[in-house]
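Undergrad: Handing you this structure, nothing more for now.
A short reminder: the numbers here are calculations on the coordinates, not readings from a lab. As the structure is a computational prediction, the values presented were derived from the model and not from experiment. Quick reminder, even Gly has a Cβ in these numbers, built from the backbone with ideal geometry, and neighbours come from all protein chains shown.
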Amino acid sequence: MNDQSKITSSTPVATPFHEPGEMVIRAINWAGMRALYRKEVRRFMKVQLQTIWAPAVTTLMFLVIFTVALGGANRQVLGVPFADFIAPGLMIMGMMNNSFANSSFSLLAGKMQGTLIDYLMPPISHAELLFALVAAGVTRAFAVGLALWVAMALWPGVHVMPAHPWAILWFGLMGAGLTAFIGVLTSIWAEKFDHAAAITNFVIGPMTLLSGTFYSIDRLSPLFQAISQANPFFYAISGFRYGFVAAADGNVLVGSLVLVTLNTALGVLCYMLLKKGWKLKA
């Protein structure tokens, strides 16, 4: 009896707990990052009439109005019909606007509703948190872009068959990622929804509308051409349009390098602010 008790007492007992300080997740927390990403996607999919279809219809109205008012029977821009020229610009404009809207809402809504702790406490790193937020914004952007592409493909007189699919995917990703990072920065900085609305109205809106969406910068004066080329949104729109009509206002390679550099810089800035807890932690 004594020998049996000694054996029992010396045998280690398996427990579901880990020792204090023991690293459990040794690499990337794929499960946690995937859970946050799915949460963000489900949030906008539950109200998809407002987050996907309404922006698609609104952007389609731009196409109808501008082609009727400015298109004309034989008007061409960059060697293609005006409707074919304007359609890709409207598509990427809608994608970038909605990517910003999605990523600028999450942390700000947590601040306003008192649920910010739900983003800060889970066992995911700051990089994983940032990736999930940006990936959800890009997902919403491509959902809006797909809805717009289907609507424009069915619209009479508009041809949106891809000429260079790689350019569509690449510049769509770079453009949506750019505004997603800006949205995360806005969500970190803003203290109320009015602050996010101000960025939308005074930064995102003007930069998308004045970046060659409705016109070719070749027709502008040298001064305004330089101003347009200083706008990073111009490179996303020009490269995305190149994917459909095989013509662009600027150099596609230069635009790609500019967007990669800006996305990298904004990603590093977002990561540093999240790690520091600026305006997120007491």
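Undergrad: How many residues are surrounded by 14 or more Cβ atoms within 10 Å (Cβ to Cβ) and not β-branched (Val, Ile, Thr) if we restrict to the stretch 147-162?
TA: Step one: of the stretch 147-162, the residues surrounded by 14 or more Cβ atoms within 10 Å (Cβ to Cβ) are 147-149, 151-152, 155, 158-160, 162.
Add one more test, that the residue is not β-branched (Val, Ile, Thr), and what stays is 147-149, 151-152, 155, 159, 162.
Count: 8.
Undergrad: Need the failing condition index for PHE131 against (1) closer than 13 Å to PHE214 by Cα; (2) among the aromatic types (Phe, Trp, Tyr); (3) touching a residue at least 60 places away in the same chain (Cβ under 8 Å), just the number.
TA: So the condition that PHE131 fails would be (1).
Undergrad: May I pose another question? Determine whether ALA247 is in contact (Cβ under 8 Å) with a residue 12 or more places away in the chain and farther than 25 Å from SER104 by Cβ.
TA: Yes.
Undergrad: Further, regarding this structure: Restricting attention to the stretch 79-118, and to residues there that are among the hydroxyl-bearing types (Ser, Thr, Tyr) and not in a helix (DSSP H, G or I), which single residue is surrounded by the most Cβ atoms within 10 Å (Cβ to Cβ)?
TA: Within the stretch 79-118, the subset among the hydroxyl-bearing types (Ser, Thr, Tyr) is 99, 103-104, 106, 115.
When the remaining residues are screened for being not in a helix (DSSP H, G or I), the result is 104, 115.
On the way: SER104: 30, THR115: 10.
In this case the residue turns out to be SER104.
Undergrad: Within the bounds of the stretch 66-76, is there any residue that is touching a Gly at 6+ places or on another chain (Cβ under 9 Å) and crowded, with 22+ Cβ neighbours inside 10 Å? Working first, answer last.
TA: Kept after step one, since they are touching a Gly at 6+ places or on another chain (Cβ under 9 Å), are these residues of the stretch 66-76: 67, 71.
Imposing the further condition that a residue be crowded, with 22+ Cβ neighbours inside 10 Å reduces the set to none.
No: the stretch 66-76 contains no residue that is touching a Gly at 6+ places or on another chain (Cβ under 9 Å) and crowded, with 22+ Cβ neighbours inside 10 Å.
Undergrad: Identify, please: which residue in the stretch 59-97 is of a type in the set (Gly, Ala, Ser) and in contact (Cβ under 8 Å) with a residue 60 or more places away in the chain and is, among those, farthest from ALA180 (Cα to Cα)? Even if it seems obvious, please write down each step before you answer.
TA: Within the stretch 59-97, the first condition is being of a type in the set (Gly, Ala, Ser), and the residues that meet it are 69, 71-73, 79, 83, 87, 89, 94.
Filter once more, so that each one left must be in contact (Cβ under 8 Å) with a residue 60 or more places away in the chain: 79, 83, 87, 89.
On the way: GLY79: 33, ALA83: 28, ALA87: 22, GLY89: 18 Å.
The residue in question is GLY79.
Undergrad: What's the total number of residues in the stretch 51-65 that are crowded, with 18+ Cβ neighbours inside 10 Å and of a type in the set (S, T, N, Q)?
TA: Selection size over the stretch 51-65: 2.
Undergrad: Can you tell which of ASN231, ASN201 is surrounded by fewer than 19 Cβ atoms within 10 Å (Cβ to Cβ) and under 14 Å from GLY255 (Cα atoms)? Lay out the reasoning, then the answer.
TA: On the way: ASN201 fails: under 14 Å from GLY255 (Cα atoms).
Just a single option satisfies the conditions, and that option is ASN231.
Undergrad: With the condition kept exactly as written, say whether any residue in the stretch 213-221 is over 28 Å from VAL158 (Cα atoms) and loosely packed, with under 14 Cβ neighbours inside 10 Å. Full working, then the answer.
TA: Taking the stretch 213-221 first, the residues over 28 Å from VAL158 (Cα atoms) are 221.
Imposing the further condition that a residue be loosely packed, with under 14 Cβ neighbours inside 10 Å reduces the set to 221.
There is at least one residue in the stretch 213-221 that is over 28 Å from VAL158 (Cα atoms) and loosely packed, with under 14 Cβ neighbours inside 10 Å.
Undergrad: Oh, and also: Could you look through the stretch 231-249, keep only residues that are part of a loop (DSSP other than H, G, I, E, B) and not aliphatic (A, V, I, L, M), and pick out the one that is nearest to TRP149 (Cα to Cα)? Show your work before the answer.
TA: Initial filter on the stretch 231-249 (part of a loop (DSSP other than H, G, I, E, B)): 231, 246-249.
Narrowing further to those that are not aliphatic (A, V, I, L, M): 231, 249.
Working: ASN231: 25, ASP249: 21 Å.
Looking at residues that are part of a loop (DSSP other than H, G, I, E, B) and not aliphatic (A, V, I, L, M), I get ASP249.
Undergrad: Taking the stretch 151-202, which residues are among the aromatic types (Phe, Trp, Tyr), in a helix (DSSP H, G or I), farther than 16 Å from LEU262 by Cβ and in contact (Cβ under 8 Å) with a residue 12 or more places away in the chain? Working first, answer last.
TA: Just the residues of the stretch 151-202 that are among the aromatic types (Phe, Trp, Tyr), to begin with: 155, 166, 170-171, 181, 189, 193, 202.
Next cut, in a helix (DSSP H, G or I) only: 166, 170-171, 181, 189, 193, 202.
From the residues that got through so far, the ones that are farther than 16 Å from LEU262 by Cβ too are 166, 189, 193, 202.
Answer for the stretch 151-202, where residues must be among the aromatic types (Phe, Trp, Tyr), in a helix (DSSP H, G or I), farther than 16 Å from LEU262 by Cβ and in contact (Cβ under 8 Å) with a residue 12 or more places away in the chain: TRP166, TRP189, PHE193.
Undergrad: Here's a follow-up. Quick check, is ALA226 among the hydrophobic types (A, V, I, L, M, F, W, C) and closer than 27 Å to ALA132 by Cβ?
TA: Spelling it out, it is not the case that ALA226 is among the hydrophobic types (A, V, I, L, M, F, W, C) and closer than 27 Å to ALA132 by Cβ.
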